[in-house]
Amino acid sequence: MTLRLLLIRHGLSSFNRENRIQGRNDLSKLTDEGITQANRVGKALEGVKLSAVYSSPLQRAAETAREVLREKSNAPEISFEKDLLEVDLAQWTGMTKMEIKEKYPEESLTWRKNPNNLILQKSDGTTFKPIESLFTQAERFLKKLIENHNLEEDNTVLIVGHNAILRCLIMQLLNKPLQGIRRIKLDNASISILNLKPNKKQRYTVQIESLNSTTHIKNQLPKKGQGARIILVRHGETNWNKEGRFQGQIDIPLNSNGKTQAMAARSFLQTVSINKAFSSSMARPLETAKIILNGQTNLKIFLEKELIEINHGDWEGKLESEIKEHWDSLLELWKKSPHKVQMPNGESIHEVWNRAIHCWERIANSLSSNDTALVVAHDAVNKTILCNLLGLQPENIWLIKQGNGGVTVVDIPPENDDLSLITCMNITSHLGGIFDKTAHGAL
């Protein structure tokens, strides 16, 4: 049973276009382009049954919600929630970012580098921390959301809000990793999907299915920043993925569907100028990389042993039911606390974490600002890399979903002391629809 959350940032607004801070100011409204974006969200959600719709009451979000539901018959009534209001930026509201940088240089730098520590002054002279207040707001909304929906049933809920509050909601669900809201990007009219499942001990567990998908607006990736970009892809499907076998380091090739997935990723990325390529040294990611690059013989694919899949040891080649016969308690521990498991005659997730992160950082540090690199690897490897980028730990790998042929984009900052940005995660729309329908097999 799953409570599926569809997080939608409002469409392009008048203040967005003017590069002004909106905050809780309700003067900003949707542009014609923003209305078109919202309509395209609605088309992307065609056929999706919604149990409830929540929206910020600010007009740019409220109008987005109405446009999303315009063509949807039997849509639930929109519930306007004050706890979905955007961050309060006090005296900055209505100012351009350049004006803030010139008038409040120190505070502007804090907002960019460490927003959790920003202190602003209200009109009555009292001071407050905007992001701290927003996290409290996010916590209240999530508490109400869980109270309103039975986690023992399948429900899909639409939530329309703003950039900062939606990022705070996501980070609140991830237990607020350090500097978390700076680690992800949410574009106008983007769709992010999170799944909540009932859990007796913690009440629910969280899985990020996808982040910041904008392919329903334009079938391409978000615009590249000033630094290098890495496109991280999980290899296409194998027969063992389909069967649910633990394949690990057994070198199973792509099946016909896996090759089709790789070709779909190639079509999706055809407008991207990839000038460097890296792959796990195993056959299934290498074949995926070659298909995506479409035989670019002038582009060498560097093979990286540190990116190979986790070694499941004695579990490799086995179905979950077969593993359960001999390692029942260890399998349960793997599902609940993967960081505590040493695979019999295999690896731990800590070992995978150390080698994968070392390789990722070496690749990232080797790139220039003009580079766009393709990296193709595996489920566990990609999960450890993304957990690290989100400020999470090895025990959190189940929070991340990686579909076969799924595309993730990471933008490397031009400044060495800044954080890498997960621009979008696990985009599988090129495989059909906004939801990840790839194999749910073992790692």
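Looking across the range 180-234 at every residue that is among the charged types (D, E, K, R) and assigned to a strand (DSSP E or B), the one that is surrounded by the fewest Cβ atoms within 10 Å (Cβ to Cβ) is identified as Arg203. You will find that of Arg266, Arg284, the residue that is in the same structural domain as Val381 (by TED's automatic domain parsing) and buried (at least 21 other Cβ atoms within 10 Å of the Cβ) is Arg284 and no other.
Which residue is farthest from Ala44 (Cα to Cα), if the candidates are limited to the range 421-435 and must be among the aliphatic types (A, V, I, L, M) and not in a helix (DSSP H, G or I)? If we take residues in the range 421-435 being among the aliphatic types (A, V, I, L, M) and not in a helix (DSSP H, G or I), then Leu421 is farthest from Ala44 (Cα to Cα). Screening the candidates Ile422, Ile363, Ile434 for the property of being farther than 14 Å from Asn212 by Cβ and either surrounded by fewer than 21 Cβ atoms within 10 Å (Cβ to Cβ) or of a type in the set (Val, Ile, Thr) (or both) yields one hit, Ile363. Within the range 44-80, being within 20 Å of Ser13 (Cα to Cα) and among the charged types (D, E, K, R) holds for Arg60, Glu63, Arg66, Glu67, Arg70.
Name the single residue that is nearest to Glu67 (Cα to Cα) among those in the range 146-174 being part of a helix (DSSP H, G or I) and at pLDDT below 95. I'd like the intermediate steps shown before the answer.
So in the range 146-174, the residues part of a helix (DSSP H, G or I) come out as 146-148, 163-173.
Filter once more, so that each one left must be at pLDDT below 95: 146-148.
Numbers: Ile146: 26, Glu147: 27, Asn148: 24 Å.
Filtering first and then ranking leaves Asn148.
Okay, residues lined up against (1) outside any loop (DSSP other than H, G, I, E, B); (2) closer than 19 Å to Lys383 by Cβ; (3) among the basic types (Lys, Arg); (4) more than 26 Å from the chain's Cα centre (by Cα):
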site	(1), (2), (3), (4)
Gly236	no, yes, no, no
Lys259	yes, no, yes, no
Ser279	yes, yes, no, no
Thr297	no, no, no, yes
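Within the range 339-360, the set of residues being in contact with an Asp or Glu (Cβ under 7 Å, 6 or more places away or on another chain), buried (at least 17 other Cβ atoms within 10 Å of the Cβ) and under 18 Å from Gly391 (Cβ atoms) comprises Ala356 only. Selection of the range 319-330 for residues being of a type outside the set (S, T, N, Q) and under 17 Å from Gln342 (Cα atoms) yields Glu320, Ile323, Lys324, His326, Trp327, Asp328, Leu330. Is it true that Ile119 is surrounded by 15 or more Cβ atoms within 10 Å (Cβ to Cβ) and either in contact with a Ser or Thr (Cβ under 7 Å, 6 or more places away or on another chain) or under 26 Å from Leu5 (Cβ atoms) (or both)? No. Leu142 meets the conditions (1) under 20 Å from Asn155 (Cα atoms); (2) not in a helix (DSSP H, G or I) in every case but one. The failed one is (2).
Restricting to the range 1-14, and then to whatever is outside any loop (DSSP other than H, G, I, E, B) and modelled with pLDDT of 95 or more, can you tell me which residue is farthest from Pro130 (Cα to Cα)? Restricting to residues being outside any loop (DSSP other than H, G, I, E, B) and modelled with pLDDT of 95 or more, the top hit is Arg4. Per the conditions (1) out of contact with any helix residue (DSSP H, G or I) (no Cβ under 8 Å at 6 or more places or on another chain); (2) of a type outside the set (Asp, Glu); (3) surrounded by fewer than 18 Cβ atoms within 10 Å (Cβ to Cβ), the sole criterion not satisfied by Pro57 is (1). Only residues that are under 19 Å from Gly313 (Cα atoms), hydrophobic (A, V, I, L, M, F, W, C) and out of contact with any strand residue (DSSP E or B) (no Cβ under 7 Å at 6 or more places or on another chain) were counted in the range 219-264, giving 3. Evaluation of Pro177 against the conditions (1) within 15 Å of the chain's Cα centre (by Cα); (2) crowded, with 18+ Cβ neighbours inside 10 Å; (3) part of a loop (DSSP other than H, G, I, E, B) shows that the sole unmet condition is (2).
Looking across the range 416-442, the residues that are aliphatic (A, V, I, L, M) and more than 18 Å from the chain's Cα centre (by Cα) come down to Ala439, Ala442. One residue stands out among those in the range 341-397 that are touching a strand residue (DSSP E or B) at 6+ places or on another chain (Cβ under 9 Å) and in a loop (DSSP other than H, G, I, E, B): the one that is nearest to Val233 (Cα to Cα), which is His378.
A residue that is surrounded by fewer than 23 Cβ atoms within 10 Å (Cβ to Cβ), aromatic (Phe, Trp, Tyr) and out of contact with any Asp or Glu (no Cβ under 6 Å at 6 or more places or on another chain) can be found somewhere in the range 377-400.
Which ones in the range 23-57 are assigned to a helix (DSSP H, G or I) and small (Gly, Ala, Ser)? Hits for the range 23-57 are Gly34, Ala38, Gly42, Ala44. Can you find even one residue in the range 94-106 that is touching a helix residue (DSSP H, G or I) at 6+ places or on another chain (Cβ under 8 Å), closer than 26 Å to Gln172 by Cα and crowded, with 17+ Cβ neighbours inside 10 Å? No, there is no match, as no residue in the range 94-106 is touching a helix residue (DSSP H, G or I) at 6+ places or on another chain (Cβ under 8 Å), closer than 26 Å to Gln172 by Cα and crowded, with 17+ Cβ neighbours inside 10 Å.
Of all the residues in the range 82-122, those that are at pLDDT 90 or above and part of a strand (DSSP E or B) number 2.
The values are calculated or read from the model by the stated rules, or taken from the named source; none is laboratory data. This one's a predicted model, so the numbers in the text were calculated from it and none came from an experiment. With ideal geometry, Cβ positions are generated from the backbone for all residues, glycine too; neighbour counts draw on all protein chains shown.
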